[in-house]
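Novice: Submitted below is the structure of interest, expressed as structure tokens.
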Amino acid sequence: MLSTAAGIIVTRASTPQDIGGQIVEQLFENPRAVGTAAGVLGIMGVVPGMPNVPFLALAIVCGFLAYRMARRKRIAAQTPPPAPVVAPEPKAE
């Protein structure tokens with residue numbers, strides 16, 4: 001926990017963004033990380049003796065979020081960037 005806090009402080013010093021937004025951005029930037037969390041939560045949900053409903057519900061939510069994030073990135077990668085607007089040249093009189 002100490003190394004995570006130190007990493008956040010070091011990263012925080014280099015950007016002007018607020019710390020809450022920065023932590024959320026780092027945690028949810030990569031859909032693979034959220035998908036992995038969904039898998040771990042799903043496995044914990046099927047372990048006997050663990051509270052199944054909360055873990056499986058969180059696994060479904062994280063899996064859905066990972067799917068949506070990956071889909072959004074895929075669509076953004078396929079969409080071509082907008083063409084630059086070129087101002088018309090002034091006519092010489």
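Novice: What number comes out for accessible area per residue over the chain if the probe is 1.4 Å? Units Å², please. Walk me through the intermediate numbers first.
Specialist: On the way: 7760 Å² over 93 residues.
Solvent-accessible surface per residue comes out at 83 Å².
Novice: May I pose another question? Looking at A70, G20, P81, which one has the Cα that reaches farthest to the positive end of the dipole of the chain (charges on Cβ: Lys, Arg +1; Asp, Glu -1)?
Specialist: Ranked along the dipole, the leading option is A70.
Novice: Quote the Stokes-Einstein diffusion coefficient, in whole µm² s⁻¹, for the chain, based on the Kirkwood radius over alpha carbon pairs, a temperature of 20 °C and a viscosity of 1.002 mPa s. Write out the running numbers ahead of the final one.
Specialist: On the way: Rh = 17.0 Å.
Taking Rh from Cα pairs, D becomes 126 µm²/s.
Novice: Could you pull out the trypsin sites (Lys or Arg not before Pro) across the chain that fall in loop regions by DSSP (anything but H, G, I, E, B) with no more than 14 other Cβ atoms inside 10 Å?
Specialist: Details: sites: R12, R32, R68, R71, R72, K73, R74, K91; in loops: K91.
Hits after loop and neighbour filter: K91.
Novice: In what sequence, largest accessible area first, do E29, E89 appear using a 1.4 Å probe?
Specialist: Details: E29 105, E89 165 Å².
Ranked from most to least accessible, the order is E89, E29.
Novice: Rounding to the nearest 20 debye, state how big the charge dipole of the chain is about its Cα centre with +1 on each Lys and Arg Cβ and -1 on each Asp and Glu Cβ. Don't skip to the end; give the middle numbers.
Specialist: Numbers: 8 positive and 5 negative charges, 73 e Å.
Roughly 360 debye for the chain.
Novice: Please give the helix 19-28 orientation as an angle from the longest Cα principal axis of the chain, in degrees from 0 to 90, rounded to the nearest 10.
Specialist: The helix 19-28 is inclined about 80 degrees to the chain.
Novice: May I ask for the angle, rounded to the nearest 10°, between helix 31-46 and the longest principal axis of the chain, with both axes built from Cα atoms and the value confined to 0 to 90°?
Specialist: 20 degrees
The values are calculated or read from the model by the stated rules, or taken from the named source; none is laboratory data. Predicted model only: the values in this text are computed from it and were never measured. Cβ atoms come from the backbone with ideal geometry, glycine included; neighbour counts cover every protein chain shown. Heads up: the accessible areas ignore ligands, DNA and RNA and are worked out on the full protein's heavy atoms, side chains in. Shrake-Rupley method; radii C 1.70, N 1.55, O 1.52, S 1.80 Å.
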